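**Student:** If you scroll down you'll find the structure; I have some questions about it.
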Amino acid sequence: MLDCTSEHACFGGTQGFYRHPSSAIGLPMRFSVYQPPQAKHHAVPVLFYLAGLTCNEETFMTKAGAQRFAAQHGILLVTPDTSPRDTGIAGATTDWDFGEGAGFYLDATQVPWQAHFRMESYITEELRDLIVGNFPARADRIGVFGHSMGGHGALVLALRHPDLFHSVSAFAPVVAPTQCAWGQKAFSNYLGNDQTAWLDYDASALMTSRRTPFPHGILIDQGLGDKFLQAQLLPERFETACQQASQPLTLRRHAGYDHSYYFISSFIEDHFAFHQRQLGA
């Protein structure tokens, strides 16, 4: 059962927030949807946004100023929560960079996390079906983008599910999680100590085994004033992997910009235009 917790008129469309019992997660999950004004008349392309560490389904919708551009381009905008909540798992709320609020958009394989931390299956199967079945959404025109941990999720899910996602972009993504502390902490707990299993959720590693998976390009924006740039984000690793895979990549580096939603809101318009060109209207 899909429960609408609130709706708001916004740029001629509707911003809604929803809750439902999730079979993939085994707990209630929340997500938000912005329906542009065009959706009142016909089905429209869909863009999933995956948020970063500590965020939820409201963060992007309230901070990025994205609805204006979703309305302009006629795109249905979907933002899931970043992880299951109220799991009852010991240690799930201890650290800001692991557990609840930090699902890393993967399917955990290790006890006790595998019971509820199944964000990959949730997004690519259950939530996708909910959106297509309950909203005026084009099932054949779906893109994905995200920020930080969510940028990792966008790149990885697009590479793992190219039949589902037809366009991909990111803001300050974690592109080589097997090589940074955030990813190593999450993967060792969610996926175990076999580091070969980690490579299935590392965008740079995945890209090296592909050949031009997105021929129309990938867009990444990165702030050079980002305090996480050198230790956690490592964009040059993905840049090199794309070169080896003959993957067109536009990696824009912006002096003075940090890791915040001030950065995202400064360039969000470009990402909608990028996805609209690939998804159509």
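The values are calculated or read from the model by the stated rules, or taken from the named source; none is laboratory data. Source: prediction; values computed, not measured. FYI the Cβ positions are ideal-geometry reconstructions off the backbone, even for glycines, and counts take in every protein chain you see. For the accessible areas, the whole protein counts, side chains as well, though only heavy atoms, and no ligand, DNA or RNA atoms are used. Shrake-Rupley method; radii C 1.70, N 1.55, O 1.52, S 1.80 Å.
**Student:** Which count do you get for residues in the range 1-38 that are among the hydroxyl-bearing types (Ser, Thr, Tyr), part of a strand (DSSP E or B) and under 20 Å from the mean Cα position of the chain (by Cα)?
**Tutor:** Adding up the residues that qualify gives 3.
**Student:** Let me ask you something else. List every residue pair whose Cβ atoms sit under 9 Å apart, with the two residues 6 or more apart in sequence or on different chains, where the first one lies in the range 196-224 and is within 28 Å of Gln276 (Cβ to Cβ) and the second, anywhere, is charged (D, E, K, R) and assigned to a loop (DSSP other than H, G, I, E, B).
**Tutor:** Taking only residues 6 or more apart or on different chains, the pairs are Gly223/Asp258.
**Student:** When residues of the range 192-235 are filtered for being among the acidic types (Asp, Glu) and either at positive phi or open to solvent by 80 Å² or more (accessible area, probe 1.4 Å) (or both), how many remain?
**Tutor:** 1
**Student:** Taking interchain pairs and intrachain pairs at least six residues apart, which have beta carbon atoms under 6 angstrom, with the first residue in the range 86-98 and in contact (Cβ under 8 Å) with a residue 40 or more places away in the chain and the second part of a loop (DSSP other than H, G, I, E, B)?
**Tutor:** Sorted first by the residue in the range 86-98, then by its partner, the pairs are Thr87/His116; Trp96/Thr54; Asp97/Leu53.
**Student:** Tell me, yes or no, whether the range 238-261 has at least one residue that is open to solvent by less than 50 Å² (accessible area, probe 1.4 Å), at pLDDT 95 or above, in contact with an Asp or Glu (Cβ under 8 Å, 6 or more places away or on another chain) and in a helix (DSSP H, G or I).
**Tutor:** No, the conditions are met nowhere in the range 238-261.
**Student:** So, one more: Only residues in the range 1-19 that are under 13 Å from Pro37 (Cα atoms) count as the first member; pair them with residues that are in a loop (DSSP other than H, G, I, E, B), Cβ under 8 angstrom, at least 6 apart or cross-chain, and list the lot.
**Tutor:** Note: pairs meeting the criteria are Phe11/Pro36; Gly12/Pro36; Gly13/Pro36.
**Student:** Looking for something in a loop (DSSP other than H, G, I, E, B) and open to solvent by less than 10 Å² (accessible area, probe 1.4 Å) - is there at least one such residue anywhere in the range 39-49?
**Tutor:** no
**Student:** Are there any helices (runs of 4 or more DSSP H) wholly within the range 101-214 with 3 or more residues that are within 16 Å of the chain's Cα centre (by Cα), and if so which?
**Tutor:** Where helices (runs of 4 or more DSSP H) fall fully within the range 101-214 and carry at least 3 residues being within 16 Å of the chain's Cα centre (by Cα), they are 149-160.
**Student:** Look at Ile75 and say whether it is in contact with a Pro (Cβ under 9 Å, 6 or more places away or on another chain), at pLDDT 95 or above, surrounded by fewer than 24 Cβ atoms within 10 Å (Cβ to Cβ) and not aromatic (Phe, Trp, Tyr).
**Tutor:** no
**Student:** Would you call Gln179 surrounded by fewer than 22 Cβ atoms within 10 Å (Cβ to Cβ), modelled with pLDDT of 95 or more and more than 24 Å from His116 (Cα to Cα)?
**Tutor:** So Gln179 passes the test.
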